[in-house]
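Working notes, structure below.
The numbers here are math on the coordinates, done by the rules we state, and not lab data. Being a predicted model, the structure only gives us computed values, none of them experimental. Neighbour counts are summed over all protein chains in view; Cβ atoms, including those assigned to glycine, are modelled from backbone coordinates with ideal geometry.
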Amino acid sequence: MAGSAASQCGLSNFKGPVMRTRMSWPAALLLALALAPVVQAKEELVTLPKRDTVQLTIYNSVDLTLVRETRNLTFKKGINRLQFSWANTLIDPTSVEFRALANADKLDVLDTSYPAESNQMLIWSVSCEQDISANCEISYFTSGIRWDAEYHGMLANDEASMTLTALVSVTNNSGEEYEDAQVRLVVGSIHLVEEIAALAGGDREGRKKEAYATMRRAGAEKDEAGRPKEIVKQGLSEYYIYSIEGTETIPNGWSKRLRSFVQAGVPLRSVYTWDPNRYGAALTRILTFKNDEAHKLGKEPLPQGVVRLYRDAGANRLSYVGQVSTAYIAKNDEVKVNAGPDAEVTMKLVRTSFKKENLSFQWSGNRQFVQGWDTVEEFKLELQNFRDRDVEFELNLAFNGDFDFESATASTKVDFRTQRFSVRQGKGGKQQIGFKVRTRFGTNVRNK
Amino acid sequence: MNKRMILSMVATAALASWIGIFSSEPVHARIKLATLPDKEAVVVRFDNPNAVLVEEERTISLQKGVNNVDFSWAGTNIDKGSIVFRPVDGSSKVEILSTLYPPGEAALTWEISSPDARSEKFRLSYLMANIQRETDYRALVSKDEKTCSFKHYFKIRNWSGGHFADADFITRDGKTFDKALSQGEAKRVLVNKWETVTLQKEYVYDLTRHSEGKVMTDYVLKNAKEMGLGSIPLEYGKVRIYQDDGNGTTAFTGEDWGRFTPIGDDMRLNIGIAQDIKVEFKKMVNNVENRRGNVYDTDEVDEYEIKNFKDSEAVVSFVLRVDGEWELKNDSAGFESFERTDNETIKFKVKAPAKGTPVKLKFHYQKKNVW
């Protein structure tokens, strides 16, 4: 098939094998339809089938998009040869499939041939019982298109609730322009045994350069409805499919962001958390909410993405609180958003005493060496709340080895080496929590 | 008695090989005339998993006495030592007396004795390298994930240097298809299709399969007649899985390598991670006891909290491993029966109620004689 300088995957329809024509479809898909037996050269072009629909199913856990397009093709009685080529794209050749949607009982794909001279082309031999036209689907995987979720959380003035806006963005670096495509986004983590980009092969940078040359002509997007598009969510096996209302044109090299949903009044709980293993050394403010009905959510899982938090600063102004990446959040699961440290709520850990006890020795020659000992440490946690509202604390203390833990304040055992204090502190006040740890070393370590 | 009859031809599977008949005298100066006899049956067999056998038939006119037939295969990947040449008719009086291998040539000469002048059909078999084969499958799973249709494709890529104008290709399971295949060309053919195959879906927690402790989603296909399969052993190959989305179209839901699956065995395919099922692990007790010198036992309690955020109950298969000498303690809880599949491994199932209601699993064990 004729190559063009631009990236292309192509579809054309001809009687005989060798006629070459670019399609009007920007993606220039070339599919040739020819009658067998095939002879060389001087074949006549019959029709160029128009592409009727295209659907993109885009995955976010892997670099994969399932493209499905339909066209009405005319077949002659006998063996028909359909040629499909995809020069300068990121299409995985092993994924290309042909399927008749109408008259399927009259059409039979005999084989798929991958000619030696081109690794970006294939030919289907389709036998047909009679002269017919049939709506047919061609599907394939491409890489280079991705989608991402983002969230904006606008905290209310009292920080007890927020307005959560979920956004999805689609970015097309596939080398193809997909015009008027129905776009579906898959939330979930599918298993791939080989990367699609590797199967597509070729020089991706070269494609990007070509893509850049074509991206400018995409022009302004049509705003068909004059309102945000609806995104319909549907469960399928372990995944969710987000279908964007209507069709989208996302030229190569461009991104487009759409609103998935907006929900006001999502109740929030702030917990000042100390957990060095998870959040680092500082006392960290963790905002929690659940993706459930009680929190006015729970209609769908929340895909992994970046959450940016803003605070209402009055007069319709915002103050930026921070951002965090969040993993996939299932329906009914809890969300913890790290809002970072807060200078108005502080914690200080002070060691107030340190002793060594129960020393035991062994002789080596005429000298004694210590072989077992205990350390006894007393600590106080000083919590101070300078804010004008009550706050909650969750303080996680991890220890190593053979230790005993004691405190007058109630704590819970998180796991075999972690104790947790959960306390509240009224506005403008402070409190202290004391605890004592005895740790045994050397031969003092006991069975326990 | 030597005959001076000369006849040669391009060897069938066609390649750049050829066969010639000529007088037996100067072997190093053979005349290779290209009078081509008609090609007859060419068969390419893939029944051996590691080798491709080509068989071709040629009718050769022989004179009474000793005839020399020359066969050469320059530019192709025929395994010289594998060539077997014989009359198709096993009771033929024609005899192959010897085979001569000229130095430095991809060629040989057969000395054939014939009791009379006749046309004799011969069969030539040889192994041919660089014909690649690949099996792949497409499963289309129903919306309810109870059944699927299963398509089996066979793909051949010909890098052998030869050209197959018209050959019967025979797959390992005996399917034959008649195709032309030129050098460098590949062909993919649908060889089997099973319309309704029963499918079993399984959620698996196994740290050796996912070190972060994510729950994997598997489909298990039993290669058995009662499950809609079972007609042939299933070759190793990539399985791409699609699912009916209920809107008249399908979505791709994952792929996995399907291992070679004999009749009666299971093919387990991982499609991805079950994101709506979470397992949280905590070690609640990690004690040392019964110290003797540098030898000790341990007492360990692992707690697993399972949350299934789906709208319906799910059963999760747990595969837990403990190294060395160990025993399970009776107060382990949260699972009823278990199978210790090997010394290190224990398997059991846990029912996880819907909508995130947590269920806890206590795995209490003692490691013995650790040092």
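On average over all directions, what projected area in square nanometres does segment A:41-172 have, based on the convex hull of its Cα atoms?
Taking a quarter of the hull surface, the average projection is 11.6 nm².
Regarding the protein assembly as shown, what's the average projected area of the Cα-atom convex hull, expressed in nm²?
51.3
Give me a single rounded figure for A:329-336: the average over its residues of other chain Cβ atoms within 10 Å of their Cβ.
Details: counts 2, 11, 6, 10, 6, 2, 0, 0.
Per-residue shielding by partner chains comes out at 5.
To the nearest whole number, what is the average tally of beta carbon atoms from other chains within 10 Å of the beta carbons of peptide B:251-260?
Per-residue shielding by partner chains comes out at 6.
Can you spot the lysines whose alpha carbon is less than 23 Å from residue A:430's alpha carbon? Ignore those fewer than 8 places along the same chain.
A:348, A:380
Amide H of residue B:272: which non-local residues (sequence gap of 5 or more, or other chain) have their own amide H closer than 5 Å, using H built in the peptide plane?
HN-HN under 5 Å from residue B:272: A:191, B:217.
If I model segment B:196-297 as equal point scatterers sitting on the Cα atoms and use the Debye formula, what is log10 I(q)/I(0) at q = 0.12, 0.14 Å⁻¹?
The Debye formula, applied to the Cα set alone, gives -0.57, -0.69.
Taking the alpha carbon gyration tensor of segment A:281-434, what are the square roots of 5 times its eigenvalues, largest first, to the nearest whole Å?
Here the semi-axes work out to 43, 21, 14 Å.
Roughly how many Å is it from the Cα centre of segment A:302-323 to that of segment A:48-106, as a whole number?
One Cα centre to the other: 43 Å.
Below 8 Å, C-alpha to C-alpha, sequence gap of six or more: please give me the relative contact order for segment B:277-370 in percent.
Numbers: 220 pairs, mean separation 35.1, N = 94.
With pairs under 8 Å counted, the relative contact order is 37 percent.
Which whole-Hz couplings ³J(HN,Hα) result when phi for each residue of segment A:432-447 is put into the Karplus expression 6.51 cos²θ - 1.76 cosθ + 1.60, θ = phi - 60°, listed in order with x for Gly and Pro?
Coupling constants for segment A:432-447: 10, 10, x, 8, 10, 10, 10, 10, 9, 10, x, 6, 6, 4, 9, 5 Hz.
For a 26 Å ceiling on Cα separation, which of these pairs sit above it: A:233/B:355; A:233/B:151; B:201/B:329; A:427/B:355; B:238/B:278?
A:233/B:151; B:201/B:329; A:427/B:355; B:238/B:278
Of B:206, B:256, B:89, how do they rank once you tally other Cβ atoms within 10 Å and put the fewest first?
Least to most surrounded, the residues fall as B:89, B:206, B:256.
How shielded is A:179-191 by partner chains, expressed as the average number of their Cβ atoms within 10 Å of its Cβ atoms? Intermediate values should be presented prior to the final figure.
On the way: counts 0, 0, 0, 1, 0, 4, 0, 3, 1, 10, 9, 11, 13.
The shielding value for this peptide is 4.
Can you list the HN-Hα couplings for segment A:178-183, worked out from phi with the Karplus curve (6.51, -1.76, 1.60; θ = phi - 60°), rounded to whole Hz and with x for Gly and Pro?
Working through the residues one at a time gives 10, 9, 6, 8, 6, 10 Hz.
Which whole number of Å³ per residue matches the convex hull of the alpha-carbon atoms in chain B?
Once divided by residue count, the hull of chain B is 210 Å³.
Search the structure for amide H atoms under 5 Å from the amide H of residue A:414, placed 1.01 Å from N in the peptide plane, and list their residues when 5 or more places away or on another chain.
Amide H neighbours of residue A:414, under 5 Å, 5+ apart: A:419, A:420.
Please sort B:363-370, B:305-312 by packing, taking for each peptide the average over its residues of neighbouring beta carbons within 10 angstrom, highest first. Don't skip to the answer; put the middle values down first.
Working: B:363-370: 16.9, B:305-312: 19.0.
Top to bottom by mean Cβ count within 10 Å: B:305-312, B:363-370.
How large is the charge dipole for the protein assembly as shown, taken about the Cα centre, if only the Cβ atoms of Lys, Arg (+1) and Asp, Glu (-1) carry charge, to the nearest 20 debye?
In debye, rounded to 20, the protein assembly as shown gives about 1260.
Relative contact order for segment B:89-146 using alpha-carbon pairs under 8 Å, separation at least 6, rounded to a whole percent? Numbers along the way, then the final one.
On the way: 33 pairs, mean separation 14.3, N = 58.
Rounded, it is 25 percent for segment B:89-146.
One quarter of the convex hull surface, Cα atoms only: what value does that give for segment B:277-370 in nm²?
Values: hull surface 23.9 nm².
With the hull built on Cα positions only, its mean projection is 6.0 nm².
Fewest first, what order do A:297, A:82 take by the number of other Cβ atoms within 10 Å? Mind dumping the intermediate values first?
Working: A:297 22, A:82 25.
In increasing order of surrounding Cβ atoms, one gets A:297, A:82.
If Lys and Arg each add +1 and Asp and Glu each add -1, what is the summed charge of the other residues whose beta carbon sits under 14 Å from the beta carbon of residue A:431?
Net charge around residue A:431: +2.
Ignoring everything except DSSP H segments at least 4 long, calculate the 222 nm mean residue ellipticity for the protein assembly as shown; use -39,500 (n - 2.57) per segment, divide by total residues, nearest 500.
-500 deg cm²/dmol
Please turn the phi angles of segment A:378-390 into ³J(HN,Hα) values with the Karplus equation 6.51 cos²θ - 1.76 cosθ + 1.60 (θ = phi - 60°), one per residue in order, whole Hz, x for glycine and proline.
10, 10, 10, 9, 9, 10, 9, 10, 8, 7, 9, 8, 5
Taking the mean number of other Cβ atoms within 10 Å as a proxy for protection, how do you rank A:230-239, A:379-388 from highest to lowest?
Top of the packing list down: A:230-239, A:379-388.
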